[in-house]
């Protein structure tokens, strides 16, 4: 389901040190610990990109421990 009001604002795909992804409204300072991936667009577009990139929901530290 899309939110027309959220889609009216340009969003950025952001990622943290644990390789967890989120969207962030454009023009706002990024929260501490998050960096931009360089991908921008409507919130719906950003969420679709995240769905393609973030296929393993486990945090990076957990993946490293489990992979040995």
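Every number here is computed from the coordinates shown, using simple stated rules; none is lab data. Quantities reported herein were computed from a predicted structural model and do not represent experimental measurements. Every residue, glycine among them, receives a Cβ derived from its backbone with ideal geometry; neighbour counts consider all protein chains shown.
Under 14 Å from a label point 7 Å along Cα→Cβ of residue 67: give me every residue in segment 13-40 with its amide N that close. Zone members listed by number: 18-20. Compute the acute angle (0 to 90°) between the alpha-carbon long axis of helix 43-53 and the principal axis of greatest extent of the alpha-carbon atoms of the chain; round to the nearest 10°. Its long axis makes an angle of about 20 degrees.
Seen from all sides and averaged, what is the projected area of the convex hull of the Cα atoms in the chain, in nm²?
Values: hull surface 20.1 nm².
If I average the Cα hull's projected area over directions, I get 5.0 nm².
How much mean residue ellipticity at 222 nm does the chain get from its helices, if each DSSP H run of length 4 or more adds -39500 (n - 2.57) and you divide by all residues, to the nearest 500 deg cm²/dmol?
Numbers: 3 runs with 23 residues, N = 68.
Rounded to the nearest 500, it is -9000 deg cm²/dmol.
Across the chain, Cα pairs under 8 Å and at least six residues apart give a relative contact order of 35 percent.
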